[in-house]
Amino acid sequence: MGKEKVTVNDLKVTLSEIGVTSGLKQEKIIQRLQVNGCLIAMVTDVLDQLIKDEQGMFRLLSVRYKQEQKMHYTQMQDAAKKYYFHLKPFNKSFFGDESICANLEDNANDIYEIIKLLADHTNDHKDMEVIKRNLRKRKLNHHIFD
C-alpha cells in the first residue's frame, strides 16, 4: 500500500462487502479502528523514542568504556616505564658486580615486557592464555604462570 491512506469510505465499502450493512454499526467499528490506530501510533512513537534513547545511552557507554580502556592502558605503560627507570640506577648503585647487574637488568627488561604485554592484552580484551602464549613466544624465563 505504501503511503496511501485508508479513507472512511474505503472502510465502509469493505465493511459492506463482509456483511456489515448497518450505518450505525459501521460508524462504531470505524471509530474503534480510528481510536486503535491512534493508540498504535502513540505506542509506536514512545517505543521509537525509547529505542533512540537506548541507542544514545549505548553509544555514550561505549565511548566512556573506550576512554577508560585507554586510560588504564596508559597507566600500565607508565607504571612499567617508571619501574624500569627506577630499577636501573638502583641496580648500579646497590650491586658493584657487572654480571649480577646485567642479570638484574635482564630481569627488569623481562618484567617491563610482561607489564607491557599485560597492558596490550588488557586493551585488546585478550585472555590470560594469550598472554601466557606470547610470553612463551618471547622466551621470557619466568615461572610466574607455571
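The values are calculated or read from the model by the stated rules, or taken from the named source; none is laboratory data. Remember, predicted model here, so these are calculated numbers, not experimental data. No Cβ is skipped: glycine too gets one built from the backbone with ideal geometry, and neighbour counts run over all protein chains shown.
Couple of notes before you dig in:
- Each residue in region 71-104 was checked for being modelled with pLDDT under 80 and among the hydroxyl-bearing types (Ser, Thr, Tyr), and 4 of them qualify.
- Criterion: modelled with pLDDT of 75 or more and under 30 Å from residue 115 (Cβ atoms) - qualifying residue of 54, 68: 68
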